[in-house]
Amino acid sequence: MIGCKGSHFEKDIMLWGVRWYVANPLSSRQLEESQARGGAVDHATLNREVLTYAPEVELPFRRRQQPVGRSWRMDDTSVLGNGQWNYGYRAVDNEGHTMDVLLNPNRDRDAAEAFVHTAIRTQGLSAKITIDQSGAKTQAIEPDNRDLHTASRIRHATYLNHLMEQDCRAVKRLVRPMFGFTFCWAACGTIAGIEVLHATRKGQWAHTGEGYQTPAEQFYSLAA
């Protein structure tokens with residue numbers, strides 16, 4: 001549950017600003033100019049609220065996430081932070097459902113292996129993983145097959161990863177107007193909120209209540 005102690009604004013105003021920031025290709029200054037509820041909120045305050053509260057919807061979402069398929073599409077994308085490139089490792093299943101995301105300052109075998117371990121821990125073992133020709137990703141998957149006595153089939157087929165690339169574009173479209181991040185942890189927190197809302201739009205939240213909820217209502221309920 002998101003706590004609001006010490007905040008200068010009502011909870012619904014605060015969550016409104018957080019959701020709009022992670023849902024739309026806007027900078028915090030643009031959101032400050034367009035805000036129409038609850039009076040003016042400075043862009044620095046909006047940015048601070050996003051960094052504080054956006055990551056907190058990720059854990060309850062993971063607990064209620066719909067099961068995903070066992071055929072993975074895995075890739076990485078670059079994100080600018082503190083003047084340096086960070087790399088967001090992502091995977092979707094063959095239906096385009098988001099499996100997991102991990103931001104890392106490195107782009108090597110250790111970073112790819114850390115992502116694979118995280119994905120297995122949250123989503124279970126895969127039957128098939130489609131990747132590009134990256135040797136680092138191949139070297140990250142092969143030890144898991146050996147150590148966990150699994151047989152995840154590795155496919156090197158760039159054309160089969162178009163689904164992954166399209167999904168990455170939907171996220172990068174939102175990150176681009178933010179003009180990079182000051183720190184890697186700031187990028188991690190903001191992207192966590194973006195990915196949660198992106199996944200709810202794809203129907204990945206296992207809603208147990210009655211009636212239909214829009215992605216916005218789902219986002220607010222995750223913070224409730």
List the number of the failed condition for Ile131; all other conditions in (1) of a type in the set (Val, Ile, Thr); (2) more than 24 Å from Phe181 (Cβ to Cβ); (3) surrounded by fewer than 22 Cβ atoms within 10 Å (Cβ to Cβ) hold.
(3)
Candidate set from the stretch 110-119 (those that are of a type outside the set (Gly, Ala, Ser) and within 16 Å of Ser152 (Cβ to Cβ)); member that is surrounded by the fewest Cβ atoms within 10 Å (Cβ to Cβ)
His117
Output yes when any residue across the stretch 31-43 is outside any helix (DSSP H, G or I), over 19 Å from Ile194 (Cα atoms), at pLDDT below 80 and acidic (Asp, Glu), and no when none is.
yes
Looking at this structure, is Ala186 modelled with pLDDT under 85, under 20 Å from the mean Cα position of the chain (by Cα) and surrounded by fewer than 19 Cβ atoms within 10 Å (Cβ to Cβ)?
yes
Hits in the stretch 78-131 - residues which are closer than 30 Å to Trp205 by Cβ, among the acidic types (Asp, Glu) and in contact (Cβ under 8 Å) with a residue 24 or more places away in the chain
Asp93, Glu95, Glu113
Does the stretch 139-160 include one or more residues that are within 30 Å of Leu15 (Cβ to Cβ), loosely packed, with under 15 Cβ neighbours inside 10 Å and not hydroxyl-bearing (Ser, Thr, Tyr)?
no
Residue by residue through the stretch 189-220, note down the ones that are modelled with pLDDT of 85 or more and acidic (Asp, Glu).
Glu195, Glu217
Strands (runs of 3 or more DSSP E) (entirely within the stretch 46-132) containing at least 1 residues that are within 15 Å of the chain's Cα centre (by Cα) and at pLDDT 85 or above:
71-81, 84-93, 98-104
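Yes or no, residue by residue, for (1) farther than 30 Å from Ser126 by Cα; (2) acidic (Asp, Glu); (3) surrounded by 20 or more Cβ atoms within 10 Å (Cβ to Cβ):
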{"position": "Gly17", "(1), (2), (3)": "yes, no, yes"}
{"position": "Leu46", "(1), (2), (3)": "yes, no, yes"}
{"position": "Glu49", "(1), (2), (3)": "yes, yes, yes"}
{"position": "Tyr53", "(1), (2), (3)": "yes, no, yes"}
{"position": "Gly69", "(1), (2), (3)": "no, no, no"}
{"position": "Trp72", "(1), (2), (3)": "no, no, yes"}
{"position": "Asp75", "(1), (2), (3)": "no, yes, yes"}
{"position": "Asn86", "(1), (2), (3)": "no, no, yes"}
{"position": "Asn94", "(1), (2), (3)": "no, no, no"}
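The values are calculated or read from the model by the stated rules, or taken from the named source; none is laboratory data. The structure displayed is predicted, hence computed values, not measured ones. Ideal geometry is used to build each Cβ from the backbone, glycine not excepted, and the neighbour counts take in all protein chains shown.
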